[in-house]
Structures are given as C-alpha cells and as structure tokens.
Amino acid sequence: MKLQAAKTEGQNIFTAYGDGYVSINAVRHHGNLIILPDRLIADWTQAGFATLGLADFQLLATLPTEIILLGTGKQPRFPHPELLQPLIQVQKGLEVMSVDAACRTYNLLISEGRQVAAALILS
C-alpha cells in the first residue's frame, strides 16, 4: 500500500509497505529498523520478535522521542514485561501494533509535529 502524509517535508516518512518490507522516502527496506523524523537506524536488531532482548529495549529508551511505536509483524504481539523496564525507567510510551498500523500511525503523528519513533520487526 502506498502512503502519503502532509506537512512532512524534509522528514523521514513511510511511503509504502507490504509483506516483508517498508519504503521510507521511496527507498525500500527489508530488515528490522527504527525510523525517526531525522534519521534511520537500519538493522536495529537481528532478533525476531520471540528473541528480542533487553539490549533492544535499552536502545529504544535512549531515543529522543515521547512515544515509540513497536511494529511486530502482521499482528500485534506484546513483549515480555521485563523487557519494558528500560522504557518505564525513562517514562517513554510504547504502543504495540502491526507493522502496517505502525507505518500509518507514525506518518500521522509526524504530520502533527509529535516526537515519535517506529521500531519495526520485519524479519
């Protein structure tokens, strides 16, 4: 599906998504990644959802955002509560959703000027 967001000039946005990929500013990505308005962290983790670790969430806790969207594939899957401790300690919000919902929500929040990141598990 192709996406188009308003008021996002000069920022990273999702321009399409599909099975096993997302496009950011018309560039296709197939690996797990984190997108922020001003940067992209490619190959965020080599883990699949079932093997996400504390270090993956410690990195998320360092991001300069108010909320993090965690895209977990075709369906929302919730991480073990122990993994959320780094985010709780720094009082960062986490919303768990499917990858396609994370793409749409990220674009909407960016267009509103919100400080958001999307962390996606694509592999």
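The values are calculated or read from the model by the stated rules, or taken from the named source; none is laboratory data. Quick caveat: nothing in here was measured; it's all calculated off a predicted structure. Neighbour counts are summed over all protein chains in view; Cβ atoms, including those assigned to glycine, are modelled from backbone coordinates with ideal geometry. With ligands, DNA and RNA removed, areas are computed over all heavy atoms of the protein, side chains included. Shrake-Rupley method; radii C 1.70, N 1.55, O 1.52, S 1.80 Å.
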Selection from the range 66-123 of residues that are without any contact (Cβ under 8 Å) to a residue 40 or more places away in the chain, open to solvent by less than 10 Å² (accessible area, probe 1.4 Å) and touching a helix residue (DSSP H, G or I) at 6+ places or on another chain (Cβ under 9 Å)
Leu87
For the range 56-65, give me the residue count where each residue is more than 21 Å from Pro76 (Cα to Cα) and either basic (Lys, Arg) or open to solvent by 20 Å² or more (accessible area, probe 1.4 Å) (or both).
2
